[in-house]
Structure formats: C-alpha cells, structure tokens
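Structure, as structure tokens:
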Amino acid sequence: MVRKDETPNMVESFAEFKALKNIDKATMVSVLEDSFRSALTKMFDTDANIDVIMNPDKGDVQIFQNFEVVPDGEVTKPNLQISLSDARADDDPDVEIGEDHTKEIFITDFGRRAILILRQTLQTKILDMQKKAIYEKFKEMEGELVSGEVYQTWSRETLLQDDEKNDLFLSKSESIPGDFFRKGEHVWAVIHQVDNKNNNPKIYVSRTSETFLRRLFERDIPEVMDGLVHIRAIARIPGERAKIAVESMDDRIDPVGTCVGIKGSRIHGIVRELHNENIDVIQYTSNPSLFIQRALSPARIKSIHLDEDEKRAEVFLEPDQVSLAIGKGGLNIKLASKLTGYTIDVFRDSPADAAEEEDIYLDEFKDEIDGWVIDALKDMGCITAKSVLKTPRQELIDKADLEEDTVDEVIRILAAEFEDEAEAPAEAEAPAEAPAETEPEAETPAEPAAEQ
C-alpha cells in the first residue's frame with residue numbers, strides 16, 4: 001500500500017478532481033493516469049513495464065514497475081531488467097531467472113521537482129477539463145431559460161451568476177429597454193450564444209430574443225409546456241409590443257383564452273417580466289387571409305388581395321380603421337408582417353360612390369346564417385357580405401366545403417339585404433309634377449384610389 005505520509009502533495013489534486021460534477025469518473029481516472037505515465041516516462045525513458053493503479057475515491061495512487069530477472073552481471077536495460085541477486089534481496093527470495101519481479105514506486109521517489117511539476121500538470125488538466133465541461137454543458141443549453149443573480153453591472157454589460165457560480169454575460173443590446181438591475185437581484189434570460197475562444201468559454205444570454213418570450217410562455221402556461229397548445233409564430237419589438245400566434249392541439253381547449261387566463265391572470269407575470277411589453281395573443285390559422293386579418297387586430301379589414309408568389313398582401317380598410325391597422329409608430333403593421341411572413345400594404349377604401357360600396361360584416365347575419373357556415377366563409381377570406389356575393393358560386397362550394405343548398409341560401413339572404421336597401425329610396429320617390437330643368441351637377445371627383 002502507498003504510505004499516506006509520502007503522498008500529501010497529491011491529495012489536494014485528487015480532491016479537486018472529485019469535486020468536478022460535470023466530469024465522469026472514467027475520464028477523470030484516464031487523465032490522472034496519463035499525467036503519472038508522462039512523469040514516469042521522463043524518469044525511466046519508458047512506461048511499457050509500469051502499472052498505474054488509480055484510487056480517486058481515496059485520493060491515492062499505486063505504481064508498480066515490472067522487471068525481467070536476468071543472471072547477475074547481464075543487466076543491459078536497467079529500467080527493464082534486474083539481476084537475480086537484487087531481485088532476491090528485494091523481498092522476493094524464491095524468484096528465478098526469466099521470471100518477473102515487481103517493485104512498488106512511491107511518489108516520493110520522483111523527487112521534489114518532479115512532484116511539483118506533476119501537481120501543476122494535474123491542476124492544468126483539471127482547469128482545462130472544467131472549461132471544456134462548462135462549454136459543452138451550456139452549448140447544449142442554447143435557447144434554454146436560465147436565472148442568474150446580478151453580480152456586477154457595467155455601462156455595456158451585466159454579469160450574472162447562476163446557482164453554480166458560472167458567469168453569464170448580458171449585453172446592453174440584448175437587454176430590454178428600461179432594464180435596470182441591482183446587485184443581488186435575480187434575472188431571467190435565455191442562453192443566446194456560447195463561445196470557446198482560446199479554450200475560454202463565455203456564455204452570453206438575451207432578454208430581447210423571441211425565444212425568450214417563447215420560454216416564458218412555456219414556464220408560466222402548463223398547456224404550452226405539455227404541448228396541448230403550440231406556439232406557431234412570434235413577432236416582437238422588445239419593450240414595446242409583441243404578437244404571438246397559438247394553436248390548440250385539443251378542440252376542447254381555447255388557445256387564446258388558455259394563454260391569457262381569466263382577466264389576464266396567466267399572462268400578467270410574463271408582461272411584468274418584460275417591463276409591461278404589450279402582448280397580443282391570436283389564434284393561428286393556415287388560411288393566410290384570415291391570419292393577416294387576425295394579425296392586424298384591432299383593425300377591421302374590408303378586403304384582402306394576396307400575391308402568394310411575392311408574399312405580399314394588399315389590405316383595404318375603412319378610413320377610420322387605417323390608423324388602427326398601422327398602429328402607433330407603425331408597430332402593429334410591422335409586427336403583423338413579421339408574424340405572417342407577408343409584406344402588408346394598407347389602403348383606404350374610398351370609392352366614388354359610397355352608397356354602392358356600403359358593406360356589412362358577416363357576423364351581422366348570425367341570426368339568419370349558422371355560425372359554422374360564417375366561419376367557413378371567413379376561413380376562405382370572405383369576411384363581408386359583398387365579398388361573398390362577388391365570389392363565384394362554385395368557388396364558395398369548393399373552398400368553403402359547403403353544400404350547394406347551403407351556399408344558395410346564404411347568397412339569397414345576403415342579396416336580399418342589399419335589394420331591400422336599394423328599394424327603400426325608390427318607394428319614397430313619388431313627385432307630383434316633373435321637376436324644373438336645372439343645370440346638371442358636376443360629378444364629385446373620386447378620392448385617390450389608394451394610400452399606402
């Protein structure tokens with residue numbers, strides 16, 4: 001056995017290895033053994049006949065050197081051979097020529113300088129393995145949510161430390177406008193990037209990425225974490241406003257209501273974490289027209305023209321709805337474009353003949369038309385009565401997946417509404433005598449066709 005009083009300088013190095021949680025035992029033993037073999041090779045020119053037995057749990061090591069026994073006076077390789085008399089004198093009286101003789105080497109035999117070099121080598125390897133383990137651990141965690149305690153704040157960067165005292169760097173560009181941290185405060189962020197330049201891992205976190213918002217929803221809303229509600233798209237301007245499209249995997253679950261909660265109870269914590277950043281939660285649909293309509297909420301759209309190839313959408317609205325669609329500072333339309341993937345152009349719908357263009361939203365006909373039929377028509381992009389009437393009958397049957405009788409009944413109800421409006425002024429006209437001749441009125445010029 002190794003005498004404990006002869007290995008005190010190595011115990012601390014073993015203890016350091018035992019404390020490394022992210023390094024498996026096999027790797028630890030391998031590195032320790034390589035370090036000892038490297039030192040032994042320098043001492044004996046070879047390690048071919050040396051056995052190194054590691055015992056990291058106890059913090060010690062045993063080293064044995066195996067010699068071939070040769071006749072006295074025939075030793076030509078002192079590091080590999082031993083004379084018969086020397087072998088018998090070394091507590092092995094029964095050994096014979098040609099057999100092996102084993103001697104234990106103690107660390108103190110290395111010499112003071114060799115022990116110091118060995119210990120420094122071990123410490124260097126420990127540090128390298130720590131850095132490698134940290135890099136690999138956090139590289140796999142990119143995009144994951146982490147919490148860190150504010151350790152120090154500079155003008156362009158804030159240093160956080162997680163529970164294991166790993167350094168996390170939050171730059172000003174990745175902080176939400178208005179972020180102000182105090183030392184000791186706990187801050188949530190996502191791991192944004194992990195670098196390992198010159199074997200010196202550096203972990204960068206972010207609070208402005210869309211992934212951060214996604215992870216907060218997963219943290220605070222169980223249905224999102226469990227996969228019952230999927231987040232299909234996110235658009236965000238940090239500190240200002242965000243739009244998030246959600247879809248339910250269960251028909252019994254309302255995705256928007258689930259995420260918002262009663263009186264906003266569920267989303268309140270997320271908004272507070274983002275410094276009161278407004279979050280619009282909308283229901284995702286694969287129908288681009290309806291998706292754009294929902295994304296531009298609270299504006300009410302009159303009609304949409306899509307160019308699928310160019311991914312552009314021309315949206316026509318009543319004049320009083322244009323400002324709602326664009327939003328303060330253009331935020332609403334900018335986020336809607338980012339969320340849907342379409343370049344959205346907004347136009348004022350100002351026809352020359354206002355009476356001719358007067359329209360009614362389909363929701364106004366719920367007393368006469370079943371709600372599921374209205375939803376089917378809206379899913380194909382028809383959200384007003386006239387948009388339905390302008391669509392070919394067969395297209396309504398095919399795209400809305402409705403029966404012919406149902407489509408005919410819908411057309412009859414919608415057409416009757418406009419026929420009644422057209423007949424009303426005609427009944428009022430009953431002049432007693434022909435009016436006097438007057439000069440014809442000048443035709444009212446139309447407003448500009450579109451304003452983008």
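The values are calculated or read from the model by the stated rules, or taken from the named source; none is laboratory data. Remember, predicted model here, so these are calculated numbers, not experimental data. Backbone-built Cβ (ideal geometry, glycine too); neighbour counts: all protein chains shown. Just the protein is used for accessible areas: all its heavy atoms, side chains included, with ligands, DNA and RNA removed. Shrake-Rupley method; radii C 1.70, N 1.55, O 1.52, S 1.80 Å.
If only residues of the stretch 375-392 that are part of a helix (DSSP H, G or I) and either at pLDDT below 85 or over 14 Å from E409 (Cα atoms) (or both) are counted, the one that is farthest from the chain's Cα centre (by Cα) is K386.
In the set E144, E185, only one residue is under 28 Å from I267 (Cα atoms), of a type in the set (D, E, K, R), modelled with pLDDT of 95 or more and open to solvent by 50 Å² or more (accessible area, probe 1.4 Å); that residue is E144. With respect to the conditions (1) at pLDDT 80 or above; (2) open to solvent by 50 Å² or more (accessible area, probe 1.4 Å); (3) closer than 24 Å to K311 by Cα, W372 lacks only one, and its number is (3). Residue check: A450 meets all listed conditions (1) surrounded by 12 or more Cβ atoms within 10 Å (Cβ to Cβ); (2) more than 47 Å from the chain's Cα centre (by Cα); (3) modelled with pLDDT under 50 but one, namely (2). Restricting the stretch 289-313 to residues that are open to solvent by less than 40 Å² (accessible area, probe 1.4 Å) and polar (S, T, N, Q) leaves a set whose member that is farthest from the chain's Cα centre (by Cα) is S303.
If the condition is being charged (D, E, K, R) and either open to solvent by less than 30 Å² (accessible area, probe 1.4 Å) or free of Cβ contacts under 8 Å to residues at least 40 places away in the same chain (or both), then the stretch 59-97 contributes E68, D72, E74, K77, D86, R88, D90, D91, D92, D94, E96.
Among the residues making up the stretch 147-157, those that are touching a residue at least 12 places away in the same chain (Cβ under 8 Å) and either surrounded by fewer than 14 Cβ atoms within 10 Å (Cβ to Cβ) or not aromatic (F, W, Y) (or both) are S147, G148, E149, V150, Q152, T153, S155, R156, E157.
Looking across the stretch 82-130, the residues that are basic (K, R) and within 21 Å of F36 (Cβ to Cβ) come down to K103, R112, R113, R119, K125. Against the conditions (1) part of a loop (DSSP other than H, G, I, E, B); (2) modelled with pLDDT of 85 or more, I344 satisfies every one except (1). Filtered by the rule that a residue be among the basic types (K, R) and open to solvent by less than 70 Å² (accessible area, probe 1.4 Å), the stretch 111-141 gives R119, K131, K137. Please determine, by comparing only the residues of the stretch 256-279 that are open to solvent by 40 Å² or more (accessible area, probe 1.4 Å) and not in a helix (DSSP H, G or I), which one is nearest to R241 (Cα to Cα). Once the filter is applied, the top-ranked residue is N278. When D179, D163 are checked against the criterion of being of a type in the set (D, E), at negative phi and open to solvent by 80 Å² or more (accessible area, probe 1.4 Å), a single residue qualifies: D163.
Scanning the stretch 188-211 for residues that are out of contact with any strand residue (DSSP E or B) (no Cβ under 7 Å at 6 or more places or on another chain) and free of Cβ contacts under 8 Å to residues at least 60 places away in the same chain, we see that the one that is least open to solvent (accessible area, probe 1.4 Å) is T208.
Each row is one residue, and each column tells you yes or no for (1) in contact (Cβ under 8 Å) with a residue 24 or more places away in the chain; (2) part of a helix (DSSP H, G or I); (3) closer than 22 Å to G178 by Cα; (4) open to solvent by 40 Å² or more (accessible area, probe 1.4 Å).
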{"site": "L213", "(1), (2), (3), (4)": "yes, yes, yes, no"}
{"site": "F217", "(1), (2), (3), (4)": "yes, yes, yes, no"}
{"site": "I231", "(1), (2), (3), (4)": "no, no, no, no"}
{"site": "A235", "(1), (2), (3), (4)": "yes, no, yes, no"}
{"site": "G239", "(1), (2), (3), (4)": "yes, no, yes, no"}
{"site": "K243", "(1), (2), (3), (4)": "yes, no, yes, no"}
{"site": "E247", "(1), (2), (3), (4)": "yes, no, no, yes"}
{"site": "R252", "(1), (2), (3), (4)": "no, no, no, yes"}
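Checking each residue in the stretch 166-176 for being in a strand (DSSP E or B) and either on the phi > 0 side of the Ramachandran plot or open to solvent by 40 Å² or more (accessible area, probe 1.4 Å) (or both) picks out only D167. Give the residues of the stretch 188-211 that are closer than 20 Å to V271 by Cα and of a type outside the set (A, V, I, L, M), sorted by residue number. Listed by number, the residues that qualify are W188, S206, R207, T208, S209, E210, T211.
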